[in-house]
Amino acid sequence: MKKIKPAFLPAILILCLLIGSIGNLTSVLGVPALLVVALLGAGLYFGAPNTVYHDPYRVLSQADQLAAGHMTWDITYFWRYANNVPLAYLLSLWLRLTQLVGLSTNLSVHLLSILVLDSFIALALHTIWQLSQRASLLVVAFGFFALSPFAYTYYLQVFYSDLPTMLVLLIIIRSLLNWSQKTSRQRWFAGSGLVVAVMLGAMLKPNLVVLLPALLIVGLILARQHLWRQAKLTLPILLIVLGFGLSLPATKVIDVAANYQPRTAFSFPATNWILMGYNQHSNGGYSGKDVGRAIKQPSQAARQRYNLKTIPKRIKTLGVVGVIRLWVVKLGIVLNVQGIQRWYNGGFRAAPSWYSNHAGFYQGLTVIGYVAATLLMWGALMLKLLRWRPDLTDPHQILALLAVTTALGYLAFHTLLWEVEPRYGQAILPLLWVALAAIPRQASQSRPRWANQASLLNGATALLVAFGAAGVLGAQLPQKQVIAAQRSQLSVQYHAKPKTVTPGTVLAEVVDVNAPANYFSVQIHAGSQVQVTLTNLATGQHYRLTMAGSVARLHHQLAAGQYRITVQNLTTRGQQVDVTHTYHYQLAAHPLTVNGQSQPTASLIYTCMQR
């Protein structure tokens, strides 16, 4: 069978990964990361709880509430972003299950993160071995997943839809593995899993729909090569379509079970994300101004009219050159992994002193480590893609082509159409590993004996460069360091209700400050008149915080130790204070006390930093 000569789709993916690689090398830490990549690449050739905030916390808080039997939706967030309703409900089922065996919400969520993460890693490694049968690639993949910052930062610390979606996508791809060789019983099990995986994936992340055009493209290529019958993909494609179809009624069933009722007065049409995607001032990312304008519109229909009128204007203002420039910038953003340790992470609740004292080093090492690991994997894949001429008589290469095409679909969706965030590009990670493992290895000449020694030397040198650069640059680069924080909140913009503090009421909360700091803030509420003080429990020294908008702030050198935040209403009328309250989720190490009464699952919103 004649092979496909113009490897057009792999060439596009190579270009995308090159742009992403450049984007990951833009910071000062990019240079040592590149050096680490070069050394490791040559070597291969030769041989603490944290405070979760923003969207993940709102999902977690709602799940905690539903698990406690309170089937209400008290903030506008889920009416605006209804796609997170299934995730909140499914998470609440997990919390109810674990409560039966006495687990706290905190432990349940951490356990779930570990289970999903380990399942993804184990399944990815098993898939890579099945596709490649290469021990060396398996070792490299294990190093990427289990030894790099991938497994110890965002995906372990914050439970959200990103990792479950990657796991679902890997399950979908695995279901198609060797489909033509499966027995009827194996196809029945694989097909059932395929339908369920697609249904869950579509509910968790609607952008999974890019799989459908990817399947269509691959199907057309197979048909053109007269290989459609041989591939035997008709049934799995129909099952995938069925899974997408079932996701719609399944979402409705979840809405009923969770007592969720959409309200179009608050909901955003899909064009809102397209509008932000063509905002040159936010580089196609989330725009607070666009969201603010949308909120002011009286209805969903009014938002849609405004968006359909504004999007063409923005494209016209950008012009052809401006649009292409914005696409390149967005592609660089969506593939940027430098901020993995900061995604939805508001800082440690109480960072240990050994971490705070060397935070620059650890953060620099994390950036260098993950950027280097990512670029190394991309580089290996690009080399394979350059030489690859797909032989679609091989089922593994069909899978590789589907992985490449689906990855391009994700990148095109966010680059050409939607708004972007750096973490969005992580969705293609399992697809890239599948392609790397499934594309056949080109025959190469035997290597000299000294190659193994050179490999070890390069690996050791790479580690020295990474540690050295992290130490030097981490100490020199000025950066804000969170010493202690509790930043989880439902947010005023989503109409979270503040706590009304009656005259004479005293709110107090102890905070562990394990390293020196020079800034402390407590979120109160706009227009509130309360007195906020910070007391060093060891020395008894008091500090008066100054109100600035909705936040009380203190700029003063603070020694390590335990401090108590005190919020007092000294007026003759009720004052509002932003307090985060859950049902079974412990937000901070110490409880909030109200007039001496302990509330273990409530907390003030505060941040202690070294600036």
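Structure above, values below:
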| read-out | value |
| --- | --- |
| Mean ellipticity per residue at 222 nm, deg cm²/dmol - from DSSP H runs of n ≥ 4 across the chain, formula -39500 (n - 2.57) | -17500 deg cm²/dmol |
| Unit charges on C-beta of K, R, D, E only; dipole of the chain, Debye | 1640 |
| Overall dimensions of the stretch 336-396 as given by Cα atoms, namely Rg and Dmax in Å | 18.7, 59 |
| Note, ³J(HN,Hα) from phi for the stretch 227-244, Karplus 6.51, -1.76, 1.60, rounded to Hz, x at Gly and Pro | 10, 5, 5, 5, 6, 6, 9, 4, 5, x, 5, 4, 5, 5, 4, 4, x, 5 |
| Contact order normalised by residue count of the stretch 140-237, Cα under 8 Å, 6+ apart, percent | 29 |
| For the chain, with +1 on Lys and Arg beta carbons and -1 on Asp and Glu, the positive-most of Ala223, His110, Tyr154 along the dipole | Ala223 |
| Residues whose placed amide H lies under 5 Å from that of Val506, excluding near-sequence neighbours | Asn595 |
| Cα-based equivalent ellipsoid of the chain: semi-axis lengths in Å, sorted from largest, via gyration tensor | 44, 30, 23 |
| Distance between the stretch 370-386 and the stretch 136-164 - C-alpha centres, whole angstrom | 16 |
| Rounded, prolate or oblate (a/c below 1.5 giving rounded, otherwise prolate when a/b exceeds b/c) for the stretch 552-611 by Cα gyration tensor | oblate |
| Packing-based order for 189-202, 302-315, 538-551, using average beta carbon neighbours within 10 Å, highest first | 189-202, 302-315, 538-551 |
| Positive-end residue, the chain charge dipole about Cα centroid, Cβ charges, pick of Ile315, Ala485, His581 | Ile315 |
| Viscosity 0.692 mPa s, 37 °C: Kirkwood-radius Stokes-Einstein D of the stretch 46-165 over Cα pairs, µm²/s | 204 |
| Other-chain or far-sequence residues with amide H under 5 Å of Val420's (modelled H) | Gly285, Tyr286 |
| Where only alpha carbons of the stretch 122-167 are counted, the Rg and the Dmax (Å) | 11.9, 33 |
| Relative contact order of the stretch 505-576, defined on C-alpha pairs under 8 angstrom at six or more residues apart (%) | 47 |
| In Hz, Karplus ³J(HN,Hα) per residue of the stretch 567-581 (6.51, -1.76, 1.60; θ = phi - 60°; x = Gly, Pro) | 10, 10, 9, 9, 8, 9, 9, x, 10, 9, 9, 6, 10, 8, 10 |
| Amide H contacts of Gln541 (H built 1.01 Å from N, under 5 Å, at least 5 apart or other chain) | Asn536 |
| The stretch 495-501 - phi-based ³J(HN,Hα) in whole Hz, Karplus 6.51/-1.76/1.60, Gly and Pro as x | 6, 5, 8, x, 8, 7, 9 |
| Radius of gyration and Dmax over the Cα atoms of the stretch 170-318, both given in Å | 20.4, 58 |
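Coordinate-derived values only; no laboratory data. Note that the coordinates shown come from a computational prediction; the quantities given were computed from them, not determined experimentally. Note that each Cβ is placed from the backbone with ideal geometry, even for glycine, and that neighbours are counted across all protein chains shown.
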